[in-house]
Amino acid sequence: MEAIYENEDFKHSSINTDSHCKGSPTVHQERAVTPSKGTKVLLIVLSVSVVIAVGGLCVLGVLYFNKHADSESWKVQYNMVLRQLSDQDIDNTIMEKNLEELTANFTTVRDQLSFYKAKSCHLSKDGWTVCSRMFYFSPDKQNWSKSRDVCISKGADLVTIKSQEEQDFLVSKIKETHWIGLNDLETEGRWVWVNNQTLEETGVKFWFESRQKEPDNWKVEDPSGENCASLGDGNGNLHTWFDGSCKKQKKFICEKKY
Ligand SMILES: *[C@@H]1O[C@H](CO)[C@@H](O)[C@H](O)[C@H]1NC(C)=O
Ligand SMILES: *[C@@H]1O[C@H](CO)[C@@H](O)[C@H](O)[C@H]1NC(C)=O
Ligand SMILES: *[C@@H]1O[C@H](CO)[C@@H](O)[C@H](O)[C@H]1NC(C)=O
Ligand SMILES: [Ca+2]
Ligand SMILES: [Ca+2]
């Protein structure tokens, strides 16, 4: 077997030499180009190395391509997420706006409702349900002038009391003192309603009367006296009127036409 190999190698070598060199080859030359066993091994190793190198390059190329493709798809996904996020931002802004609007609407409706709930209705002798005016009982406390401002901002004014029925109705609705639309701010001792009507004109008054009579324009707490009227006082007397310092914080009753 070895002999055949040697022979073939030799022949091959010899042909090669012949084709490359025009001169007749000598044995010495032939021997020099004949690959030894070591060279063969080297060649095989080299071929294998080349194959491995090319394969490696291919693998690297594929890896690079994949990585590139991955980064492309990652970019696409990133942009998609960004878009979704900004869409969500817009959604959130719209939702926030809606919430604000809803809150505003709710406040309006709630105010409206508290007016309706406090609507002064009674059955008249001939069977009509009479609801002439609406009342608003504030949940919060303010001084007298601020209370009036709040009522006016609601298209109303502080309440005026012109009859026993009205007085009784309001008394039945309160559990603590409330500002009403009566004052003697302009002229001491001359009590007028916010619609400029005097007590003489309306014909009714419900001042607290006991040993101490109201209005007394008491000046101990507030040197400017007591120029604003409330239904009820701080001591649980809720059936009559008291004059008090206009700077005091009280709940208040607004009134508007139905
Ligand atoms: C708030 O009320 C206004 C007018 O009454 C209405 O046009 C609007 O749609 C309401 N907003 C919401 C969020 O309900
Ligand atoms: C009450 O009188 C004042 C001036 O004294 C006036 O400014 C106001 O408009 C009057 N209010 C009403 C409801 O007539
Ligand atoms: C009433 O309260 C408002 C704010 O709530 C204030 O600006 C005003 O000065 C107060 N007026 C009096 C007479 O206390
Ligand atoms: Ca007074
Ligand atoms: Ca008083």
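The numbers here are math on the coordinates, done by the rules we state, and not lab data. Quick caveat, the model's predicted, so the values are computed rather than measured. Because the Cβ atoms are built from the backbone with ideal geometry, glycine has one as well, and the counts that use them run over all protein chains shown.
Computed quantities for the displayed model
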{"quantity": "Square roots of five times the Cα gyration tensor eigenvalues for region 123-256, Å", "calculated": "24, 17, 15"}
{"quantity": "Rg/Rg_ref, region 170-218, where Rg_ref = 2.2 N^0.38 Å and atoms are Cα", "calculated": "1.24"}
{"quantity": "In order through region 196-201: 3J(HN,Hα) via Karplus (6.51 cos²θ - 1.76 cosθ + 1.60), integer Hz, x for Gly, Pro", "calculated": "6, 6, 8, 5, 5, 5"}
{"quantity": "Sorted by Cβ neighbour density within 10 Å, fewest at the top, the residues C254, C151", "calculated": "C151, C254"}
{"quantity": "Simple spin-label estimate for R190 and M80 in nanometres, 7 Å along Cα-Cβ", "calculated": "8.2"}
{"quantity": "Inter-label distance for K213 and E96, nm, one decimal - labels placed 7 Å from Cα along Cα-to-Cβ", "calculated": "6.3"}
{"quantity": "Distance between modelled label sites at E176 and Q164, nm, 7 Å Cα→Cβ extension", "calculated": "3.1"}
